[in-house]
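What follows is a single structure, written as structure tokens, with notes after it.
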């Protein structure tokens, strides 16, 4: 072999050796990466990246219904849906509601508070959705009035206005199909006083086969209001309904203070008292529950399913705020 050939062979050998060294280094570091990655993924202290924390609202599904399935609900059963926030009530003061719970379908149950006195009074509207939508409209009018006229609240009084206890029924439609909550329960038959799952419908509302729930306070809307009443010392309550039957005192038999309150409200509004007797036996009602908690309470029905009777109800409410037991 000539000298030139030996030189070429030497250079090739050096190149091959260098290539082997580079490959060896690459293989060595590649083998170390999984161990380093595993070590990095198990730090001794948890690391929280605040900008990566997201609050994802829960989703809700239509439950299997034994009653409202007969009504062809607006969405297919078991369709996952997120909680729905209604159009907010804009007040000039910037006052906001407190959400005391969620409906069966995830809608907020809102309470507006006025005043900070020791005597606590409460109005509940929209316990039946559907064609009792005007009770919610009345609540909104009263909320707007007291927000603009805080001087109408006596210094010793706190007023709570729950604008819609059954937002799911209200969203379903302003007809008979909106009366119950999303599970086919009449919320004004679901409170834990004189409760029955079913009742004699003679003289009662019976356009649809609703129930009082699987057990007392089975519904999230009912439980939300019960918690609120238990946490606040509400001493008088009006539960608004429509239409035309009059003012019903709470209690079984009627509570004496509730009778006095019903008479005073009927005198101002012109609503019937004693209320019209259709023969219906009312069980599991909010007014009866409120009386059991020490409040004077009435169910008060507007004149029809269309009007709010705002002026007469405002005067009645001003009396209600100053009424003494």
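The values are calculated or read from the model by the stated rules, or taken from the named source; none is laboratory data. Just so it is clear, the model here is predicted, and its values are computed rather than measured. Glycine also receives a Cβ, built like all others from the backbone with ideal geometry; neighbour counts cover every protein chain displayed.
Evaluating residue 261 against the criteria (1) in a helix (DSSP H, G or I); (2) over 26 Å from residue 96 (Cα atoms); (3) in contact with a helix residue (DSSP H, G or I) (Cβ under 6 Å, 6 or more places away or on another chain) leaves one unmet condition, (3).
Look at residue 238 and say whether it is surrounded by fewer than 21 Cβ atoms within 10 Å (Cβ to Cβ) and at pLDDT 95 or above.
No; evaluated as a whole, the condition is false for this residue.
Screening 151, 120 for residues that are surrounded by fewer than 21 Cβ atoms within 10 Å (Cβ to Cβ) and free of Cβ contacts under 8 Å to residues at least 12 places away in the same chain leaves exactly one candidate, 151. Out of curiosity, is residue 237 more than 21 Å from the chain's Cα centre (by Cα) and within 23 Å of residue 164 (Cβ to Cβ)? Spelling it out, it is not the case that residue 237 is more than 21 Å from the chain's Cα centre (by Cα) and within 23 Å of residue 164 (Cβ to Cβ). All of (1) without any contact (Cβ under 8 Å) to a residue 60 or more places away in the chain; (2) within 15 Å of residue 285 (Cα to Cα); (3) more than 18 Å from the chain's Cα centre (by Cα) hold for residue 222 with one exception: (3). Considering only residues that are crowded, with 23+ Cβ neighbours inside 10 Å and under 30 Å from residue 175 (Cβ atoms), look in the stretch 243-264 and name the one that is farthest from the chain's Cα centre (by Cα). Ranking the qualifying residues of the stretch 243-264, first place goes to 262. A single entry from 235, 207 fulfils the requirement of being under 16 Å from residue 131 (Cα atoms) and either in contact with a helix residue (DSSP H, G or I) (Cβ under 6 Å, 6 or more places away or on another chain) or part of a strand (DSSP E or B) (or both): 207. Within the stretch 143-152, one or more residues are assigned to a loop (DSSP other than H, G, I, E, B) and either closer than 21 Å to residue 315 by Cα or in contact with a strand residue (DSSP E or B) (Cβ under 7 Å, 6 or more places away or on another chain) (or both). Answer yes or no as to whether residue 251 is closer than 23 Å to residue 120 by Cβ, touching a helix residue (DSSP H, G or I) at 6+ places or on another chain (Cβ under 8 Å), touching a residue at least 12 places away in the same chain (Cβ under 8 Å) and not in a helix (DSSP H, G or I). In short, yes. Taking the listed residues 126, 106, 130, the one that is buried (at least 19 other Cβ atoms within 10 Å of the Cβ), over 18 Å from residue 232 (Cβ atoms) and modelled with pLDDT under 95 is 130, with no other qualifying. With respect to residue 299, determine if the residue is touching a residue at least 40 places away in the same chain (Cβ under 8 Å), part of a loop (DSSP other than H, G, I, E, B) and in contact with a helix residue (DSSP H, G or I) (Cβ under 9 Å, 6 or more places away or on another chain). In short, no.
In the condition set (1) surrounded by 21 or more Cβ atoms within 10 Å (Cβ to Cβ); (2) more than 25 Å from residue 141 (Cβ to Cβ), residue 276 is compliant with all but (1).
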